[in-house]
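Structure first, then comments.
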Amino acid sequence: MPQFFSNKRLIILLASMIVLVALIGFSMKERENITWPEQFLHDAVGWTQTVFYKPAHFVAGFFETVIEMKDIYEQNKVLKLQLNDYDLLASRVKDLKRENETLRKSLDKKEALTDYKVWQATVVGRSPDRWYQTVKINKGHQSGIKPDMAVISADGLIGKVDKVSPFHSSIELISSHDPSNRISAVVQGEKGPVFGLIQGYDQKQKVLLMKMIPIDQELKKGQTVTTSGLGGIFPKGLEIGKVVKVEPDKVEPTQTAYIEPAADLYDIHHLMVVDRSMQEVNVEYEDKPVEEEEAS
Amino acid sequence: MIRFLLPFLTYLLFIIESTVMQVFTPQHMDNDTVLIPRLVMIMIGFIAIYLSPTRGVVYGMVFGLLYDLIYTDLIGVYMFSMGLTAYITAFIARFFHGNIFVTLFIMLIGLSTFEIMVYGLYSLIGIAEVAWETFIYQRYLPTLLLNGVFVVIVYYPLRKWLLDLSAGLQEN
């Protein structure tokens, strides 16, 4: 019986293990963006993905439409009822908007945390192994997209821009496990806003974890969670999801809320990249408290 | 032909994994099962068994690297796992010659090694935070089943084509 590894091959194996560790160490460093050969590869793969994704999506979409036909009649009835309410709401929003604008003008404040620029983009692919939850879109830094911008679908927040190449960029979904991924969030409670940090995702229950909520704040099931705009990059007021459950922490005097994401994280085809207009003045100052929290 | 067609075909499978297969994932129907298509790994396994082990390892490392660069933040995990899996598959295949069942069996061993190796490395680094049982029932077994079906489907045409290529290589 031949040896599984001859001596020469054993040495090669050991050397490749060392290379593996070195490569992982190199790539685990916080990098601003990927290097140009990587960007080139991203684009090359992105273009071929576009060729395949669109027809596949079209075929799948056709079957979905046939199945959905049954529900459409029922849906139509409900939607018609809701439309009446919508008109009322829309006119009120218009009034409030105008009022807001005039008040802003009188205060001489031009930009708000809620203002943002939007790019429409289409998904061209998704990472097949589910360890990393990323999707790829067909807009890159040629269109003006930069890392860490927020990404939303029509329903709510999906994730943030991770890597950017000239014509494509990959989006890290909020369901992916990344300990450095924190979103500053706010719940509009009955007694005022309740702030917290979205940090982590429970794969089993499919909920986001909102941590660092002070223990004396009361949260209820069904309350809506939005971005607070205090994190530095994300604009204010993007919907994240709804509170499902609240639990006090075991050690710290804080509580954790479980949040069901508003956006469907699997059926993504069109999405919007969002950049907030108001820029950060002093980034250093913003970063520091977070690091202290980590250490304590 | 081998110089262009084989890499091109493998690359095509690589693209199909992330596009066509993603449209039909069971997660659209609120199902927790994670089915991961491992078409590239199957292709590399076949290359390692029927063409040549060296070629299998090289293909494994190249496409593993591509996988790392495109879909993940870490470079090296897939490159290492795919290369080693190709080697292991070729090594086991040396002792068994034969029919579709033997090949299926070898490929399943290879895919298991691959899947467990990636899971192990990722949990070591702290990216995969899934319990062992959850991994086995939710991810490993369904994935193995799906890819077993793929192996059976492609077995006859792919084996014949690769053996022809291998014969052509030996003539030169």
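Structure above, values below:
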read-out: 10 Å Cβ neighbours from other chains, averaged over peptide B:119-128; value: 3
read-out: Percent carbon-and-sulfur accessible area, segment B:51-92, ignoring ligands, DNA and RNA, probe 1.4 Å; value: 81
read-out: Contact order normalised by residue count of segment A:39-189, Cα under 8 Å, 6+ apart, percent; value: 22
read-out: Unsatisfied cross-links (Cα-Cα over 31 Å) in the set A:Lys105/A:Lys163; A:Lys136/A:Lys206; A:Lys70/A:Lys94; value: A:Lys105/A:Lys163; A:Lys70/A:Lys94
read-out: Simple Cβ-charge dipole of segment A:158-245, Lys/Arg +1 and Asp/Glu -1, about Cα centre, in debye nearest 20; value: 160
read-out: At q = 0.09, 0.10 Å⁻¹, base-10 log of I(q)/I(0) for the protein assembly as shown (Debye sum, equal scatterers on each alpha carbon); value: -0.70, -0.84
read-out: Using a Förster distance of 56 Å, the FRET efficiency for B:Leu108-A:Thr102 (Cβ separation, nearest 0.05); value: 0.20
read-out: Chain A, accessible surface, carbon-and-sulfur percent (1.4 angstrom probe); value: 59
read-out: Helix runs (DSSP H) in chain B reaching 30 Å along axis by Cα, Kyte-Doolittle at least 0.0; value: B:100-125, B:141-171
read-out: Average accessible area per residue (Å²) across segment A:183-263 - probe 1.4 Å, nucleic acids and ligands excluded; value: 51
read-out: Translational diffusion of segment A:28-155, µm² s⁻¹ [Kirkwood Rh, Cα pairs; Stokes-Einstein; 20 °C; 1.002 mPa s]; value: 109
read-out: Tensor-based shape of segment A:183-263 (alpha-carbon gyration tensor, a/c under 1.5 rounded, otherwise prolate or oblate); value: rounded
read-out: Value of D in µm² per second that Stokes-Einstein yields for segment B:13-166, Kirkwood Rh from Cα pairs, at 20 °C (1.002 mPa s); value: 135
read-out: Threshold 40 Å², segment B:57-88 residues less accessible with all protein chains present than alone (1.4 Å probe); value: B:Leu69, B:Ile70, B:Tyr71, B:Asp73, B:Leu74, B:Ile75, B:Phe80, B:Tyr87
read-out: Too-long pairs where the Cα-Cα distance tops 32 Å, listed order kept, from A:Lys97/A:Lys221; A:Lys97/A:Lys146; A:Lys80/A:Lys146; value: A:Lys80/A:Lys146
read-out: Helix-only mean residue ellipticity at 222 nm for the protein assembly as shown, each DSSP H run of n ≥ 4 adding -39500 (n - 2.57), per residue, nearest 500; value: -17000 deg cm²/dmol
read-out: Debye, to nearest 20: dipole size of the protein assembly as shown, +1 on Lys, Arg Cβ, -1 on Asp, Glu Cβ; value: 1220
read-out: Summed buried accessible area for B+A [probe radius 1.4 Å, Å², rounded to 100]; value: 4600
read-out: Environment charge at B:Ser81 (Cβ cut-off 14 Å; Lys +1, Arg +1, Asp -1, Glu -1); value: -2
read-out: Label point distance in nm, A:Lys221-A:Ser91, each placed 7 Å from Cα along Cα→Cβ; value: 3.7
read-out: R0 of 60 Å, Cβ-Cβ distance A:Asp202-B:Glu171: FRET efficiency to nearest 0.05; value: 0.55
read-out: Shielded by partner chains, segment B:6-20 residues - at least 30 Å² of accessible area, 1.4 Å probe, vs chain alone; value: B:Tyr11, B:Ile15, B:Ser18, B:Thr19, B:Val20
read-out: Neighbourhood charge, 10 Å Cβ-Cβ cut-off, centred on A:Pro128 and excluding it, Lys, Arg +1 and Asp, Glu -1; value: +1
read-out: Accessible surface, segment B:38-164, averaged per residue in Å² (probe 1.4 Å); value: 40
read-out: Protein-protein interface of segment A:114-151, residues with accessible area decrease of at least 30 Å², isolated chain reference, 1.4 Å probe; value: A:Arg126, A:Pro128, A:Asp129, A:Arg130, A:Trp131, A:Tyr132
read-out: Cα gyration tensor shape for segment B:107-172, rounded if a/c is under 1.5, else prolate or oblate; value: oblate
read-out: Computed magnitude of the charge dipole of segment A:27-117 (debye, nearest 20; Cβ of K, R +1, Cβ of D, E -1); value: 320
read-out: From the C-alpha gyration tensor of segment A:136-212, square roots of 5λ in Å; value: 27, 15, 11
read-out: Proximal charge balance of A:Gln255 [Cβ under 14 Å; K/R count +1, D/E count -1]; value: 0
read-out: Exercise: per-residue mean of other protein chain Cβ atoms within 10 Å, A:18-27; value: 5
read-out: Span-rule helices in chain A, defined as complete DSSP H runs reaching 20 Å or more along the axis (Cα) with Kyte mean at least 0.5; value: A:7-28
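The values are calculated or read from the model by the stated rules, or taken from the named source; none is laboratory data. This is a predicted model, so every value here is computed, not measured. We place every Cβ from the backbone using ideal geometry, glycine too, and count neighbours over all the protein chains shown. The area values use the complete protein model at the heavy-atom level, side chains included, leaving out ligands, DNA and RNA. Shrake-Rupley method; radii C 1.70, N 1.55, O 1.52, S 1.80 Å.
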